[in-house]
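Notes for the one structure printed next.
The values are calculated or read from the model by the stated rules, or taken from the named source; none is laboratory data. All values reported here derive from a predicted model rather than from experimental measurement. So basically every Cβ, Gly included, is an ideal-geometry build from the backbone, and we count neighbours across all protein chains shown.
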Amino acid sequence: MSIMYSCSVPSFSSISISNFTYRRPNRIVCSAGASVAELKAVNATEPLLLNAVRGQDVERPPVWLMRQAGRYMKSYQQLCEKHPSFRERSENVDLVVEISLQPWKVFQPDGVILFSDILTPLPGMNIPFDIVKGKGPIIFDPISTAADVDKVTEFTPEEWVPYVGEALSILRKEVNNEAAVLGFVGAPFTLASYVVEGGLLERLPLTGVDVVSLDWTVDMAEGRKRLGSDIAVQGNVDPGVLFGSKDFITNRIHDTVKKAGKGKHILNLGHGIVVGTPEENVAHFFEVAKGLKY
C-alpha cells in the first residue's frame, strides 16, 4: 500500500513501505463521541515505524528525515566527486545502496529511504530527462500537443527500473528489521506537471503580466535572465530571513537588490510574512530598504 503526502502545490508524491500490509484497525469511541483507532500490542519482530503506522502501541515515535541520504553529508559529497552524474548515482544499484545506507550507519533512523528521484519512471515512458547541478530536473521535450501525449508509452517497472527493486531488496537485508525501508516515486499529477510545464518562467511573459513574483527557491539573477528585461520582478527574499539577525536581514536585502539590478524591481518577500515574525525585524527590513540608493 502507498501512503500519500502532499508537498508544495502542485507536487504530490507517494511512499511505499516495505513489507507493509494494511489491516483496518478496530475502532473505539472516546468520551467526546469521536471515533479513534485502538492501539494494538506492539510487534517486536517488525520495524518501529511499521508498528506506529499500524496503530500499535510503541515506546516512542519513530523518526527519519526526508532527503536524509544525500547533499548535506560529507561522505555523499566525496562520492559525488567520483560519480558527478545524479542519474548514475540514483540508477546504479551499488551506489543507490551505498548512499541510502550512509545516514543509517551514522544516525540509525527508524526509516531508511531509497536514494532516488521522483522522475525515475520517465525514461520508461519515452520521456527523456536529466538532472543538472544547480538547475534540477530538465525535461528535454516537454509535452505540449496531443501528438506528444500519443508518444508516451506504458511504463513497465521490471523492464525500465529493475535497479529499484534490486536496491530495495538489498537494503531490506542490510537493515534487517531494525528500520523500515522506504521507496518513493512521483505520483501521476506530479509527473504530469513536470513533463507538461517544462520551463515555466520563460513562458510567463507571454501571458501579458506586468510583474512576476519569485520565491526564494529561484536565484534572482537567474530568474531575471529567464524572464527577460521587459518584465518587472518582486519577491525572492525568504520569509524566514526575518527571523535572523539584523545584519543577516541587511545582507539578504543587499544581495537580492544587487542580483535584481536597477529598475523593474520591487523589493518584497517570496511569500507572506510568517506568524511570529518579530515586528522589530520587519521595521528593520523597511528601514534598510528605504535607505537604499541605486
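List of remarks:
- Residue satisfying condition, being more than 21 Å from the chain's Cα centre (by Cα), under 19 Å from Arg89 (Cα atoms) and either assigned by TED's automatic domain parsing to the domain that holds Leu65 or assigned to a loop (DSSP other than H, G, I, E, B) (or both), within set Ile118, Ile170, Ile138, Ile131: Ile170
- Test: residue in the stretch 225-236 that is in a helix (DSSP H, G or I), free of Cβ contacts under 8 Å to residues at least 40 places away in the same chain and surrounded by 14 or more Cβ atoms within 10 Å (Cβ to Cβ): yes
- Neighbours by Cβ (under 6 Å, 6+ apart or cross-chain): first from the stretch 190-216, within 13 Å of Val233 (Cα to Cα) and at pLDDT below 90; second surrounded by 15 or more Cβ atoms within 10 Å (Cβ to Cβ) and not hydrophobic (A, V, I, L, M, F, W, C): Leu201/Arg226
- Scanning the stretch 97-107 for any residue that is in contact (Cβ under 8 Å) with a residue 60 or more places away in the chain and over 23 Å from Pro47 (Cβ atoms) turns up nothing.
- Check on Glu158, assigned to a helix (DSSP H, G or I), among the charged types (D, E, K, R) and surrounded by 13 or more Cβ atoms within 10 Å (Cβ to Cβ): no
- Residues being surrounded by 15 or more Cβ atoms within 10 Å (Cβ to Cβ) and either under 16 Å from Lys133 (Cβ atoms) or touching a Gly at 6+ places or on another chain (Cβ under 6 Å) (or both) - total across the stretch 65-82: 4
- Hits in the stretch 255-265 (condition: surrounded by 12 or more Cβ atoms within 10 Å (Cβ to Cβ) and under 17 Å from Trp216 (Cα atoms)): Asp255, Thr256, Val257, Lys259, Ala260, Gly261, His265
- Taken together, the criteria exclude Asp215 from residues that are more than 25 Å from the chain's Cα centre (by Cα) and either of a type in the set (Asp, Glu) or more than 21 Å from Arg252 (Cα to Cα) (or both).
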